[in-house]
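Heads up, the thing below is written out as structure tokens.
A short reminder: the numbers here are calculations on the coordinates, not readings from a lab. Being a predicted model, the structure only gives us computed values, none of them experimental. For neighbour counting, all protein chains shown are included, and Cβ atoms are generated from backbone atoms with ideal geometry for every residue, glycine included.
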Amino acid sequence: MGDFGQAILMTAAVTDDPISFAELESILELSEDRLLSALTELQTLFLPPKAPAVEGEQRYQINLNTKKLVRLGYRCPQNGRSWVRVGTSFRK
């Protein structure tokens with residue numbers, strides 16, 4: 001899995017809510033082409049599943065088991081804190 005795919009997984013693991021393409025694009029500061037390519041790569045690995053439309057917009061979410069593994073996998077061994085720092089502007 002490439003760096004952009006990993007960044008998408010980490011971003012999707014931070015929030016408990018599904019995340020839109022526009023939110024991923026804004027948070028990760030990726031071009032549309034790179035984001036589409038990384039999402040396609042993840043979907044070939046079945047991470048995340050095909051994004052359902054919520055309120056007319058596709059929203060991406062990884063399943064709870066994958067989310068937990070991603071969250072555990074990106075913790076600092078010394079203090080257990082997450083290495084992932086993502087803005088929360090998309091959260092309610």
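State the dimensionless ratio Rg/Rh of region 3-73 (Rg: radius of gyration of Cα atoms; Rh: Kirkwood radius). Display every interim value, and only then the final one.
On the way: Rg = 11.1 Å, Rh = 12.0 Å.
With Rg and the Kirkwood Rh in hand, the quotient comes to 0.92.
For Asn65, what is the net charge nearby, where nearby means another residue's Cβ is under 15 Å from its Cβ and Lys, Arg count +1, Asp, Glu -1? Net local charge, Asn65 excluded: +2. Among the GluC sites (Glu not before Pro) in region 1-61, those placed in a DSSP loop whose Cβ has at most 13 other Cβ atoms within 10 Å are Glu29, Glu55.
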